[in-house]
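The values are calculated or read from the model by the stated rules, or taken from the named source; none is laboratory data. All values derive from a computational prediction rather than experimental measurement. We place every Cβ from the backbone using ideal geometry, glycine too, and count neighbours over all the protein chains shown.
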Amino acid sequence: MQRGGGLLILPGDFQAAGDRSPTQFYDAWTAPGGKAVCPARLAKYQADLEPAIHPAVQTFAHPALEVLADPARNYSASVLVHSYWQLQIDEKDPDVRVGGRLDTADPFLVDRKLGEGRVLLLSVSLDHRQSNLPAIRPFFVPLVHELVYYLAGATATGGNVQSGQEASLDVPAWLSDPAAGPGRLLEVLTPLGSRRAAQIADIDGARRLIFSDTDAPGVYRVVVPPASKAASAPAAARTSSSSCPTNRRRVASTASPPPTFAAPRSTCRSTRPPTRRNSPPSSTAARRGWRSGRG
């Protein structure tokens, strides 16, 4: 953490081993120099609340909660929190900030700068023990994705598409004329495992791949014909692939060196987690991925 990196703390209903309480366990967790690792103290565990409480999205001011703060995508009323940790913040610590709260005004997310890294603490677990969060996928999936991206130092923004909206991707340079001229069709592997046609077109001087059949949330992969790839694809791109989980569309690059997409970090979000039933494109085809999220 001192040299960079990210840590997500989910205390849940954890009971520390031995005689220490969860509060004592996290209080004793310090970095070199004695600075606390946990962004806040676990003050009191609130269990079996009736009625349940909700995240207060109007208080979400953290970059990792930005997507969920969009009033047009407010699913917080469906999120029922019946147990959580009340967190005690050191208001004098300049490295700590509250990123969002529950509707009780108690913190939902707390962020600490630790060296060159970041530590996030959630007052609610990410399983069914304290809430129905995993069941509310339009809230849960982007939440988990944004937390991970923030801690990885790669919070994705822009280039997003809702389910049912048209996706437009830059065509990589190695797949340009004559293999991918305007009007050419490529196949897209949908989250349901079916293949659909995507068209290549010249738009505002740029070659783009256009695909509109995005109703199913999940990962979409453009399958490049092996013959076209073998003729002109650089070696690094031949086995490259990318995917990203989000609420709106982004395209993320995972190959090194980066694939030749013009927006290597444009991503896509999904309100549902990636389906694992789908067979990826064959190893002889270069693959690109994006996700679609249901609005």
- Could you grab me the full set of residues in region 110-141 that are under 14 Å from Pro39 (Cα atoms) and out of contact with any Phe, Trp or Tyr (no Cβ under 8 Å at 6 or more places or on another chain)? Val110, Asp111, Arg112, Lys113, Leu114, Gly115, Gly117, Val119, Leu121
- Could you tell me whether His145 is surrounded by 19 or more Cβ atoms within 10 Å (Cβ to Cβ), in the same structural domain as Leu49 (by TED's automatic domain parsing), of a type outside the set (A, V, I, L, M) and out of contact with any Gly (no Cβ under 9 Å at 6 or more places or on another chain)? yes
- Looking only at region 92-120, count how many residues are more than 19 Å from Gln58 (Cα to Cα) and outside any loop (DSSP other than H, G, I, E, B). 8
- Query: Regarding Gly99, is this residue at pLDDT 90 or above and of a type in the set (Gly, Ala, Ser)?
  - Reply: yes
- Task: Select, from Val148, Val110, the only residue that is within 25 Å of Tyr45 (Cβ to Cβ) and not hydroxyl-bearing (Ser, Thr, Tyr).
- Result: Val110
